[in-house]
1. Can you say whether residue 28 is under 18 Å from residue 111 (Cβ atoms), of a type outside the set (Phe, Trp, Tyr) and surrounded by fewer than 15 Cβ atoms within 10 Å (Cβ to Cβ), as far as the supplied structure shows?
2. Within the set of pairs 6 or more residues apart or between chains, which connect a residue that is among the polar types (S, T, N, Q) inside the range 38-66 to a residue that is modelled with pLDDT of 95 or more and part of a strand (DSSP E or B) with Cβ atoms less than 8 Å apart?
3. For residue 52, indicate whether it is of a type outside the set (D, E, K, R) and at pLDDT below 95.
4. Give the number of residues within the range 1-43 that are part of a loop (DSSP other than H, G, I, E, B), small (Gly, Ala, Ser) and touching a Gly at 6+ places or on another chain (Cβ under 7 Å).
5. Looking at (1) under 14 Å from the mean Cα position of the chain (by Cα); (2) exposed (fewer than 14 other Cβ atoms within 10 Å of the Cβ); (3) farther than 23 Å from residue 111 by Cβ, which is the only condition residue 41 fails?
6. Mind listing whichever residues of the range 54-64 are among the aliphatic types (A, V, I, L, M), surrounded by 14 or more Cβ atoms within 10 Å (Cβ to Cβ) and out of contact with any Lys or Arg (no Cβ under 7 Å at 6 or more places or on another chain)?
7. From the list 46, 65, which residue is in contact with a helix residue (DSSP H, G or I) (Cβ under 8 Å, 6 or more places away or on another chain), within 18 Å of residue 100 (Cβ to Cβ) and of a type outside the set (Gly, Ala, Ser)?
8. If the requirement is being among the polar types (S, T, N, Q) and surrounded by 15 or more Cβ atoms within 10 Å (Cβ to Cβ), which of these qualifies: 91, 67, 33?
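The values are calculated or read from the model by the stated rules, or taken from the named source; none is laboratory data. Just so it is clear, the model here is predicted, and its values are computed rather than measured. Every residue, glycine as well, gets a Cβ built from its backbone with ideal geometry; the counts of neighbours run over all protein chains shown.
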Amino acid sequence: MIPIKKTFETVEAGIENMLAAAECDYNNFMPENKKMCKEFADGWDVKMGKKYIKIASKISVWGFVVNVDNDKKFKKGDVLMSAGWRGPARNKARGNVLEGGFGIEWTGPRYL
């Protein structure tokens, strides 16, 4: 787990920082395999939706980030686990990319 300590003014900058931390965690997991580390770092697919930003790897959805100010349950920048390919688990935020103060793993947002 890599701690996310910085705060950001934009969701995009916070996501960039969070993904860099996930890459660092992966590099710690696979330090001897530079090729796999590069493939992991190059494999992100970040897609803007109406309400969420979907973050996927080559094989699965990694997580979602809330990208609106008017969600009834979550704040803009909240990191949510994936419930499937199309949407997030809306039980609890795992952190906030704007506020920092949470941990991230290469496998995705931390379980509760």
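1. Numbers: under 18 Å from residue 111 (Cβ atoms): no; of a type outside the set (Phe, Trp, Tyr): yes; surrounded by fewer than 15 Cβ atoms within 10 Å (Cβ to Cβ): yes.
Judged against the criteria, residue 28 is not a match.
2. Listed pairs, sorted by first residue: 57/45.
3. Details: of a type outside the set (D, E, K, R): yes; at pLDDT below 95: no.
Against the criterion (of a type outside the set (D, E, K, R) and at pLDDT below 95), residue 52 does not qualify.
4. In the first step, residues of the range 1-43 are kept if they are part of a loop (DSSP other than H, G, I, E, B); the result is 1, 5-10, 30-33, 43.
Subset that is small (Gly, Ala, Ser): 43.
Remaining after also requiring touching a Gly at 6+ places or on another chain (Cβ under 7 Å): none.
Within the range 1-43, residues that are part of a loop (DSSP other than H, G, I, E, B), small (Gly, Ala, Ser) and touching a Gly at 6+ places or on another chain (Cβ under 7 Å) number 0.
5. Every condition holds for residue 41 apart from (2).
6. So in the range 54-64, the residues among the aliphatic types (A, V, I, L, M) come out as 55-56, 59, 61.
Going one step further and asking which of them are surrounded by 14 or more Cβ atoms within 10 Å (Cβ to Cβ), we end up with 55-56, 61.
Answer for the range 54-64, where residues must be among the aliphatic types (A, V, I, L, M), surrounded by 14 or more Cβ atoms within 10 Å (Cβ to Cβ) and out of contact with any Lys or Arg (no Cβ under 7 Å at 6 or more places or on another chain): 55, 56.
7. Details: 46 fails: within 18 Å of residue 100 (Cβ to Cβ).
The conditions single out 65.
8. Values: 91 fails: surrounded by 15 or more Cβ atoms within 10 Å (Cβ to Cβ); 33 fails: surrounded by 15 or more Cβ atoms within 10 Å (Cβ to Cβ).
The match here is 67.
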